[in-house]
1. Please work out which residue is farthest from Ile179 (Cα to Cα), limiting yourself to segment 126-156 and to residues that are acidic (Asp, Glu) and surrounded by 14 or more Cβ atoms within 10 Å (Cβ to Cβ).
2. Name the pairs whose Cβ atoms lie under 8 Å apart, with the first residue in segment 208-226 and under 16 Å from Val281 (Cα atoms), the second aromatic (Phe, Trp, Tyr) and modelled with pLDDT of 90 or more, and 6 or more positions between them or separate chains?
3. Is segment 174-184 home to any residue that is within 26 Å of Leu283 (Cβ to Cβ), buried (at least 21 other Cβ atoms within 10 Å of the Cβ) and either without any contact (Cβ under 8 Å) to a residue 24 or more places away in the chain or within 21 Å of the chain's Cα centre (by Cα) (or both)?
4. Kindly establish whether Gln144 is polar (S, T, N, Q) and closer than 18 Å to Leu109 by Cα.
5. Looking at segment 235-266, which of its residues are small (Gly, Ala, Ser) and surrounded by fewer than 20 Cβ atoms within 10 Å (Cβ to Cβ)?
6. Given the structure, is Leu200 surrounded by 16 or more Cβ atoms within 10 Å (Cβ to Cβ), under 25 Å from the mean Cα position of the chain (by Cα) and of a type outside the set (D, E, K, R)?
7. Looking at segment 223-234, can you tell me whether even one residue there is under 23 Å from Asp108 (Cα atoms) and touching a helix residue (DSSP H, G or I) at 6+ places or on another chain (Cβ under 9 Å)?
Amino acid sequence: TAPHAVPVAPRPVRARASTAPALAAGSAPIIHTPPTGAPRTGASKGTMLDDTARLAAVELDQLRGASAAIDDSGKPKTDDTMRLHAPADASVKVLADGSGPTDALPSDLVSAPVRLPRGSIAIGPYVAAAVPAGRRAPDDMFAQRYLGELGKCVEQVLASEAPIHLDLLARRVAAYFGIGRVTQRVTDQIKVALEGRGKLGPEQNIVWRADQDPAGVPPVRVAGTSATARREIAEVPLSEVAAAARIVVERANGMSATDLVRDCARLLGFARITDRVSERVSLGIRLATARQLISIDSGKAHLLLDG
């Protein structure tokens, strides 16, 4: 009988630490439109998913000091790129610590403080533009003879919904031309039609009407019950989230940062506070503090003395 082979235990291999230079504190590039990411400071234990090819082997504690979730392409993050997950209170901890780093916010958004009297921010239901679907054929959207009609359709959407995310604007207008799937070609044609009718503000892919000031404070639009009256949290401009935070603090000055995240999300119409909602709202609250719409000290949110 042949002798049994004796299994040999593998030699222990010492793990090599990864420095993850792209995530070093203070060196991360600016996030222009972080629909799913949120800033992290100190001992935040967030981990990045969906980018396993690059970060799957990085230990949780190696992400400490990361200031933001990064999209190397410079495009808005989606579920198909990378998502920053964290414990339920991680984003609140950033707020409770005080000012925190602001490199996760577009610099143009925080360049000028805004001081407003109480009750000056308008709030109302989100009203979608009444754009009929399938009025034209898909090819008509790219035909020169229909460029004026395309422009009028863009104007109609902006009149009701600006500031609006470019993707949402493209979906509204594409539906008019019978297009169900928005491609880069569709988006590029929308940008052509925006000439003289709208403008892109400091937050990437947020479109404003020509008569609106992107540096100002927009009204807060509350989600409705119909599908067209609801937006994804990533489609809500950060400046609108910041405005919602101001309204919440006006109603409950001195509330905790944890409650502020929850109540701000609910004010915008998000009853279910998912990680994505919490992260986006937390970033909007950070913008509110940077613009001096509110202040957060020792985990409590307050109006400034002259606010």
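1. The qualifying residue farthest from Ile179 (Cα to Cα) is Glu155.
2. Arg221/Tyr126; Val222/Tyr126; Ala223/Tyr126; Ala223/Phe270
3. Checked segment 174-184: no residue is within 26 Å of Leu283 (Cβ to Cβ), buried (at least 21 other Cβ atoms within 10 Å of the Cβ) and either without any contact (Cβ under 8 Å) to a residue 24 or more places away in the chain or within 21 Å of the chain's Cα centre (by Cα) (or both).
4. The answer is no for Gln144.
5. Scanning segment 235-266 gives Ala252, Gly254, Ser256.
6. no
7. yes
Every residue, every condition in (1) within 16 Å of the chain's Cα centre (by Cα); (2) among the aliphatic types (A, V, I, L, M); (3) under 24 Å from Ser107 (Cα atoms), yes or no:
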site	(1), (2), (3)
Asp259	no, no, no
Leu267	no, yes, no
Phe270	yes, no, no
Val277	yes, yes, yes
Ser282	yes, no, yes
Arg291	no, no, yes
Lys300	no, no, no
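The values are calculated or read from the model by the stated rules, or taken from the named source; none is laboratory data. The structure displayed is predicted, hence computed values, not measured ones. With ideal geometry, Cβ positions are generated from the backbone for all residues, glycine too; neighbour counts draw on all protein chains shown.
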